[in-house]
1. With every protein chain left in place, what is the accessible area per residue of region 135-181 in square angstrom, probe 1.4 Å?
2. Of all the accessible heavy-atom surface of region 222-275, with the other protein chains kept in place and a 1.4 Å probe, what percent is carbon and sulfur?
3. For residue 81 and residue 260 in one chain, what is 0.36 nm times their gap in residues minus the Cα-Cα distance, to one decimal in nm?
4. Find the all-direction average of the projected area of the Cα convex hull for region 103-230, expressing the result in square nanometres with one decimal place.
5. How large a share of the accessible area of region 25-134, in percent, is made up of carbon and sulfur atoms when the probe is 1.4 Å and the other protein chains stay in place?
6. Based only on Cα atoms, what mean projected area does the convex hull of region 53-166 have, in nm²?
7. Could you calculate the FRET efficiency of residue 141 with residue 110 from 1/(1 + (r/R0)^6), where r is the beta carbon distance between them and R0 is 30 Å, rounded to 0.05?
8. Between residue 245 and residue 32, what is 0.36 nm times their sequence separation minus the Cα-Cα distance? Round to one decimal in nm.
Amino acid sequence: MFGIVRPCRHRLGKSLSTQWMAHLCGLCLALRGDHGQLARVATNYDGLLISVLTEAQVRPDGSLGGGRRTAGPCPLRGMRTASVAEGEGARLAAAVSLVLASAKMRDHIDDRDGLLGRRPVALAARRVAANWSRAGARTGADVGFDTAVLLDAVGRQAGVEALAGPGTPILTVTEPTETATAAAFAHTAHLAGRPGNAAPLAEAGRLFGRLAHLLDAVEDREADAASGAWNPLTATGTTLTEARRLADDAVHGVRLALKDVEFEDGRLAHLLLAHELGRSVDRAFGTDACGHGQGHGQGHAHADVHGAGAPEAAFGPPQAPFTPHDPGVGQPPPSGGRQGFWAGCAAALAVCCTCKVCCADEFEGPWSGRRRQGVCGNCDCGDCGDCCDVCECCGNCCSCDCCDCGCDC
């Protein structure tokens, strides 16, 4: 999984958490259905936003954009069935995810990262990337989306980076990503039969692409410096203070654009794009203060709490992770109930082999079905008392779906 929007269940609440998982599983199954098992590794958190946005605009009388079906047991769901999203929205998300995953793979090959620095592995990876790019184009054409805009953006990115140097505006480097995400977001409006939403969604997508590029650069900055890899912030001489200001402006711009979008049920889209994006910025910069000197993130701390007069010092280590209640205490009821011995054994094997016991924020107990906390799992929702990160209107995030909280965002 990769992506900048990674909400935890405590903030989503039961209803929106179910919707979130339906779209995540729907994207995974759309990739498998159209492109085979290997393509499922392209499943990513940001890609499913395409599916979420499409469904959020679909009228009750039906559209090509959404739908639900019951999927069979899956090891990542503890061998339980689930209602998953299907339709043109999930397929568009799969097409975009494949094309962008192929681009990401080529980028790692060019940077000779890890095993991809070895010639035989790189050759095989290039073939996979080429196949994914063609497969994404076919699926995109099936839903009326021309992936040429994505491929063009990917092709221009290398040239833009080659010409960038000290003094080059960082937004020049992020422009190809912005163009690609704007096109993908806008097409959800056409799938849902709401062409009037295309312009504001294109604007939201453009700013989302800018934010994704900036946060990726921030998170990779130290590792790139150590390995000598190219990083847009280092190459253009952009400071963390300036990057944070641009990131905060992008989050604000996305919120403004969403106000002009006509949704049928925009609760999940609102929470992910109006609230979780701000948390993604906080997570990347390791602080809960905004770049304008007045916090509007998870808390209200100012930048100078990390060091007055030293803007770069404002971006320190992440806040201490939230420590949840003991597993099983105060948890919601199991989603699938108890399982038999052999089904539980299969689920336990899957949970262990996929590292969910160690690395997942939460996972379902193989036999009991109760929610368990991963050994190294990390929930960043603080003390569960700040559901909305830009207004104090939701109360307790463990029970709020952010639907009618009155947020002006």
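The values are calculated or read from the model by the stated rules, or taken from the named source; none is laboratory data. Just so you know, these numbers come straight off a predicted model, no measurement behind them. Here the Cβ is made from the backbone with ideal geometry for all residues, glycine too, and neighbour counts use every protein chain on show. Keep in mind that these areas ignore ligands, DNA and RNA; they rest on the heavy atoms of the full protein, side chains included. Shrake-Rupley method; radii C 1.70, N 1.55, O 1.52, S 1.80 Å.
1. Details: 2110 Å² over 47 residues.
Ligands and nucleic acids excluded, the figure is 45 Å² per residue.
2. Values: 1140 of 2220 Å².
Looking at region 222-275 in its full context, I get 51 percent from C and S.
3. 60.8 nm
4. Values: hull surface 34.7 nm².
Reported value for the Cα convex hull: 8.7 nm².
5. Values: 2730 of 5000 Å².
Roughly 55 percent of what the probe reaches on region 25-134 is carbon or sulfur.
6. Details: hull surface 42.4 nm².
With every direction weighted equally, the projected area is 10.6 nm².
7. Values: r = 27 Å, r/R0 = 0.91.
Efficiency for this residue pair is about 0.65.
8. Values: separation 213, 0.36 × 213 = 76.68 nm, distance 3.94 nm.
Full extension of this stretch gives 72.7 nm more.
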